[in-house]
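The values are calculated or read from the model by the stated rules, or taken from the named source; none is laboratory data. Since the model is a prediction, treat every value here as computed from it, not as a measurement. As a convention, Cβ positions derive from the backbone with ideal geometry for all residues, glycine included, and neighbour counts pool all protein chains shown.
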Amino acid sequence: MAIIEVNALNLTFGHGAEANQVLNDVAFEVEKGGSFGLVGESGSGKTTVLRCLAGQYMHWQGRLAIGGQALGGKPDKARCRQVQMVFQDPYGSLHPRHTVYTALAEPLRIHGIGDESQRVDAILDKVGLNAGFRYRYPHQLSGGQRQRVAIARALILEPSILLLDEPTSALDVSVQAEILNLLTALHERDGLTYVLVTHDLGVVAHLCDRVAVMQRGRIVETLAVDDLCAGQAWDPYTRMLLDASRSHELERVSVGEIRTAARPVG
Amino acid sequence: MNTTPSPRLQVEDLNVGFATGGAIVNAVRGVTFTLNREKLGIVGESGSGKSTVGRTLLRLHPRSARIEARQLSFDGIDLRSASESTMRGIRGRRMSMIMQDPKYSLNPVMRIGEQIGEAYKAHHPASRAEVMQRVLEMLEAVRIREPHRVYKLYPHEVSGGMGQRIMIAMMLIQQPEIVIADEPTSALDISVRLQVLAVLDELVTQRGLGLIFISHDLNLVRHFCDRVLVMYAGRVVESLAAADLDRAEHPYTRGLLDSLPSIDHRRKTLPVLQRDPAWLTT
């Protein structure tokens, strides 16, 4: 059964002549325990889809359902508990003057869940940190450790869906491998459902089973990651992304081709 | 094209330290390399000293920095002892640097054309019309399609990729002999990144520049550069031709290459870099 259903999702910012349609009939489904990737260039609307699912935008049109229940209006506490988000930049997403403990205990207090201390220790352990990190401030942590804390904060409410917005793009390659391994392990152990936004097809290949390619607010192609890796993408933009992440070969991907494939604005 | 002998940069046993508190932190230790008309990549993790090397060449460090080297010369000029006025003649004019993020490196309250023109006028006396002509030519050279329109825009009105091409235009309008590009494409999308790289590549090849390309993206450096220096904790652990990167021998380089997720070679778990304390000394 699909745990996330997105159907004819439209979103516009601004009014009248200034109106800018950022999502255009976006539709996809994610199976329970699945891992769905959204790729595309910046400004294509990937993150906006996540924000709609997370309840950060409320004026969308269309149908969004999580676990068979249609969403709409203000997000309630139960939905917030079920859907959690991890942001791109671990340097910006943690409060600089809150300790790790404060950051992790806050969602528990909001949702009125007890056993703060034990739960914080358990979740730190789960993301590969230990209780010794409880009273550290973000500036005392490395980038990888910060992203672990951000993942712990999302997981402490025991959500069933994790929305990941470029979780490794601010990290070094060596640290990226650690975080990707952690995400794989959590996915397998807890049966979490992931929606992952990224522009790196290597990360998609590692973590996802299905992927949608977005361009200018539309999904241009949805396919299984196995097919993507086998080179069965047909959309020119997807093929360009594939070539680019395979090789960066400037000679083969000439700029003219990129122009037509990417259709940049301006 | 110019017929002067190829610009040459020589760095031998470069050490850079910063005094913090009472202690000295050695950010760069014993780095040696030379640069001709080629694309030299410097790769490594954050904090490995790549950018510090780039900034040392232009002497952009604060006074508290301790720079020692057996040799540090550019076209016969000793950069260790060069006076401030000599440096002003080199900086921007003969050797320039492209910064990582156009959002923070462009002046937000000045039109793009005027900013590029200002960089040109700093070293070339010219009339307003001449400067404008040069700027428009340069914008065209970095493949901006409507140079007249872009000339009048402010930095917040252009996209990231265009901003980065504007930075490149600003650096190249002086016709420098060496360009140091500090992660010029890290903030950009793949498609825009390829455009910017193609522009850089064309200009480097046509004008015979020497390019130092600082990046943490091994794949990109492998295909874009001629030669690669791999840095770890302030030291060059390996120096090899970019095409031979697959055959790298140092465990650090191997570890970095291995830890990349790939669409052609999918693995359940990615190998995580195991750091060996011996890398710090040998």
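Side notes on the structure shown:
- Residues in region B:159-189 that are under 14 Å from the mean Cα position of the chain (by Cα) and among the acidic types (Asp, Glu): B:Glu177, B:Asp182, B:Glu183.
- Scanning region B:147-164 for residues that are away from chain A (no Cβ under 12 Å) and in a helix (DSSP H, G or I) yields B:Pro147, B:His148, B:Tyr151, B:Pro155, B:His156, B:Gln164.
- The criterion of at least 3 residues that are at pLDDT 90 or above, surrounded by 15 or more Cβ atoms within 10 Å (Cβ to Cβ) and within 7 Å of chain B (Cβ to nearest Cβ) is met by the following helices (runs of 4 or more DSSP H) wholly inside region A:184-266: A:201-207.
- Some residue of region B:120-129 being charged (D, E, K, R), outside the structural domain of B:Thr34 (by TED's automatic domain parsing) and assigned to a helix (DSSP H, G or I): yes
- Tally of residues being in contact with a strand residue (DSSP E or B) (Cβ under 6 Å, 6 or more places away or on another chain) and surrounded by 21 or more Cβ atoms within 10 Å (Cβ to Cβ) across region B:97-143: 2
- The set of residues in region B:258-282 being away from chain A (no Cβ under 14 Å) and free of Cβ contacts under 8 Å to residues at least 40 places away in the same chain consists of B:Pro277, B:Ala278, B:Thr281, B:Thr282.
- Residue within region A:171-180 that is on the phi < 0 side of the Ramachandran plot, within 10 Å of chain B (Cβ to nearest Cβ), in contact with a strand residue (DSSP E or B) (Cβ under 8 Å, 6 or more places away or on another chain) and not charged (D, E, K, R) present: no
- In the set B:Ser262, B:Ser239, only one residue is polar (S, T, N, Q) and modelled with pLDDT of 85 or more; that residue is B:Ser239.
- Qualifying positions in region B:4-28 - of a type in the set (Val, Ile, Thr), at pLDDT below 90 and closer than 20 Å to B:Ala233 by Cβ: B:Thr20, B:Ile24, B:Val25
- Meets criteria (modelled with pLDDT under 95, within 25 Å of A:Cys52 (Cα to Cα), out of contact with any strand residue (DSSP E or B) (no Cβ under 9 Å at 6 or more places or on another chain) and more than 10 Å from chain B (Cβ to nearest Cβ)) for A:Asp165: no
Residues checked against (1) under 21 Å from A:Gln84 (Cα atoms); (2) surrounded by fewer than 16 Cβ atoms within 10 Å (Cβ to Cβ); (3) within 14 Å of chain B (Cβ to nearest Cβ):
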position	(1), (2), (3)
A:Phe13	no, yes, no
A:Glu18	no, yes, no
A:Gln21	no, yes, no
A:Ala27	yes, yes, no
A:Ser35	yes, no, yes
A:Ser44	no, no, yes
A:Val49	yes, no, no
A:Gln56	yes, yes, no
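- Residues of region B:181-212 satisfying the condition of being farther than 19 Å from B:Ala141 by Cβ and more than 10 Å from chain A (Cβ to nearest Cβ): B:Asp182, B:Glu183, B:Ile212
- Flag for B:Arg247 being among the basic types (Lys, Arg), surrounded by 15 or more Cβ atoms within 10 Å (Cβ to Cβ), more than 8 Å from chain A (Cβ to nearest Cβ) and farther than 20 Å from A:Cys229 by Cα: no
- Complete set of residues in region B:54-92 that are outside any strand (DSSP E or B), in contact (Cβ under 8 Å) with a residue 60 or more places away in the chain and among the hydrophobic types (A, V, I, L, M, F, W, C): B:Leu57, B:Leu58
- Every listed requirement among (1) among the charged types (D, E, K, R); (2) touching a Phe, Trp or Tyr at 6+ places or on another chain (Cβ under 9 Å); (3) outside any loop (DSSP other than H, G, I, E, B) is met by B:Arg275 save one, (3).
- Counting only residues that are modelled with pLDDT of 85 or more and of a type in the set (D, E, K, R), region A:87-101 holds 1 of them.
- The listed residue being over 15 Å from the mean Cα position of the chain (by Cα) and farther than 18 Å from A:Arg210 by Cβ, out of A:Ala27, A:Ala19, A:Ala2: A:Ala19
- Taking region A:4-28 as the range and being without any contact (Cβ under 8 Å) to a residue 60 or more places away in the chain and among the polar types (S, T, N, Q) as the test, the residues that pass are A:Asn7, A:Asn10, A:Thr12, A:Asn20.
- Cβ-Cβ under 8 Å pairs, at least 6 apart or on other chains, region B:103-123 side within 11 Å of B:Gly163 (Cα to Cα), far side in a loop (DSSP other than H, G, I, E, B) and among the charged types (D, E, K, R): B:Ile112/B:Lys152
- Among (1) in contact (Cβ under 8 Å) with a residue 40 or more places away in the chain; (2) touching a Ser or Thr at 6+ places or on another chain (Cβ under 6 Å); (3) not acidic (Asp, Glu), the one test that B:Val196 misses: (1)
- If you check B:Leu9, B:Leu72 for being within 18 Å of B:Gly210 (Cα to Cα) and out of contact with any Phe, Trp or Tyr (no Cβ under 9 Å at 6 or more places or on another chain), only one passes: B:Leu72.
- Against the criterion of being farther than 23 Å from A:His199 by Cβ and within 9 Å of another protein chain (Cβ to nearest Cβ), B:Gly255 qualifies.
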